[in-house]
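Quick note: the coordinates plus some simple rules give every number you see, no bench work behind them. Since the structure is predicted, the reported quantities are computational estimates derived from the model, not experimental observations. Every residue, glycine among them, receives a Cβ derived from its backbone with ideal geometry; neighbour counts consider all protein chains shown.
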Amino acid sequence: MQARRPWLAILLFTGLPFSAQQTGPGLETDQQSSPPVTRARHSTKADEAVPLCPARFEDGLGRDGIADESDQSVIPPKGENVVRPQLPEELRWKYQGKEHSWEIGLRFLTDVNGKPQDICISMSAGYGLDALAAQSILKSTFDPATKDGKPVPFRSDATFHFKIL
């Protein structure tokens, strides 16, 4: 019989800059909308401080100068130094010996200097993980998106996966 570790936590981050996954079918863009985002049942006060994303963003390169992946002439931002959040010890111990996972989706704007701002939750997990994911994006740095060689603001998606095995 194989000995089990008391806990093993794995953190995965997808989205910028580690994958080309951007907004896809069913996610919000200028052209489409999705159902309203709701908070996870176990949201903390820190989670509640991060706003929920609207069902539809009313911006775009033609109107507000903000680009997204729907404009094929825009090169998306690239992460220079992306901060990865750590699963809190409290959750590791709470779910010790049980397989469990959480997924957090964020949308944010990178400005012409590559600084992330206007972070909102597109998929909530609660337990303070929404706030941790948002804080990690704020601490990260990006090369700005470009259009025709010039920096442009860009609306990005990031998905954080926390998993305990």
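One table, with the values for the structure above:
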item: Debye, to nearest 20: dipole size of the range 68-165, +1 on Lys, Arg Cβ, -1 on Asp, Glu Cβ; result: 260
item: ³J(HN,Hα) computed for each position of the range 115-131 - Karplus, 6.51 cos²θ - 1.76 cosθ + 1.60, integer Hz, glycine/proline x; result: 7, x, 7, 6, 6, 9, 8, 9, 8, 9, 10, x, 6, x, 6, 4, 5
item: Built amide H within the under 5 Å cut-off of Lys78, gap 5+; result: Asp143
item: Listed residue (Leu91, Ile104, Ala145) projecting farthest to the positive dipole end of the range 68-165, Cβ model; result: Leu91
item: Ratio Rg/Rh [Cα only; Rh per Kirkwood] for the range 68-165; result: 1.07
item: Packing-based exposure ordering (other Cβ within 10 Å, fewest first) of Phe160, Phe154; result: Phe160, Phe154
